[in-house]
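The values are calculated or read from the model by the stated rules, or taken from the named source; none is laboratory data. Since this is a predicted model, take the numbers as computed values, not measurements. For neighbour counting, all protein chains shown are included, and Cβ atoms are generated from backbone atoms with ideal geometry for every residue, glycine included. Calculation scope for accessible area: heavy atoms of the full protein, side chains included, ligands and nucleic acids excluded. Shrake-Rupley method; radii C 1.70, N 1.55, O 1.52, S 1.80 Å.
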Amino acid sequence: MDNPEFRADALRTLSQSVTKINGMSSRLSMLSQKLELNFNDMDLNELAEESVSDLKGYCSCPVSLNLGAVPVLSADRGQLHKVLENLLMNACDATGPDGKIIVETSRHENWAEVAVRDDGCGMSKDFMGKNLFRPFQTTKKKGMGIGLYHCKTIVEAHGGRIHVESEEGKGTIFKVLLPLQRQ
């Protein structure tokens with residue numbers, strides 16, 4: 001403890017550990033809280049652009065945008081940003097530096113869709129059927145398994161749906177469908 005470099009390193013390590021524990025506690029407490037949404041008119045394409053921009057520095061592979069003609073919809077922008085952020089981070093983790101990710105928006109009848117497509121490791125049909133969207137189920141070594149559960153909760157609170165297509169070794173597509181008219 002007499003070595004100043006050792007003390008500085010120990011304090012840095014402790015600080016990082018406390019930050020991680022606080023983040024985990026915050027994410028876990030969200031599971032027990034009732035989700036409150038603040039609906040406002042928003043542009044899904046702007047949200048997609050912002051989410052991709054916010055990802056810079058986290059993702060080492062290229063992320064491209066393919067934005068379609070989507071009308072303004074009534075939604076909670078902050079909550080949907082969390083959904084896109086989580087889907088993009090998962091895609092980055094699955095692809096690695098040589099992969100690619102595409103974020104697409106489109107309109108299908110009375111639904112706005114945002115899709116996150118990657119060419120990463122994919123998921124097994126067994127995992128998708130039994131564990132996907134369930135809390136504390138993950139394929140990540142450092143994951144907690146609450147991100148996709150929370151995403152599904154947010155999307156369903158908007159009256160929407162989330163679909164996934166995946167094949168091991170070929171990649172994954174998450175499609176978030178949001179109603180253009182609130183119920």
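A few points about this structure:
- Test result for SER51, under 20 Å from ILE154 (Cβ atoms), in contact (Cβ under 8 Å) with a residue 40 or more places away in the chain, open to solvent by less than 30 Å² (accessible area, probe 1.4 Å) and of a type in the set (Ser, Thr, Tyr): yes
- Residue selected from region 34-48 under the condition open to solvent by less than 90 Å² (accessible area, probe 1.4 Å) and touching a Lys or Arg at 6+ places or on another chain (Cβ under 7 Å), by the criterion modelled with the lowest pLDDT: PHE39
- Every test in (1) in contact with a Ser or Thr (Cβ under 8 Å, 6 or more places away or on another chain); (2) touching a residue at least 60 places away in the same chain (Cβ under 8 Å); (3) of a type outside the set (Lys, Arg) is passed by PHE127 save one, and that test is (2).
- Candidates LEU31, LEU11 - the one that is in a helix (DSSP H, G or I), in contact with a Pro (Cβ under 7 Å, 6 or more places away or on another chain) and modelled with pLDDT under 90: LEU31
- Any hit, region 66-73, residues being at pLDDT 90 or above, surrounded by 15 or more Cβ atoms within 10 Å (Cβ to Cβ) and in a strand (DSSP E or B): yes
- Output for region 83-126, where each listed residue is buried (at least 18 other Cβ atoms within 10 Å of the Cβ), assigned to a strand (DSSP E or B) and among the hydroxyl-bearing types (Ser, Thr, Tyr): THR105
- Considering residues of region 151-183 that are touching a helix residue (DSSP H, G or I) at 6+ places or on another chain (Cβ under 7 Å) and closer than 17 Å to GLY78 by Cβ only, the residue surrounded by the fewest Cβ atoms within 10 Å (Cβ to Cβ): VAL155
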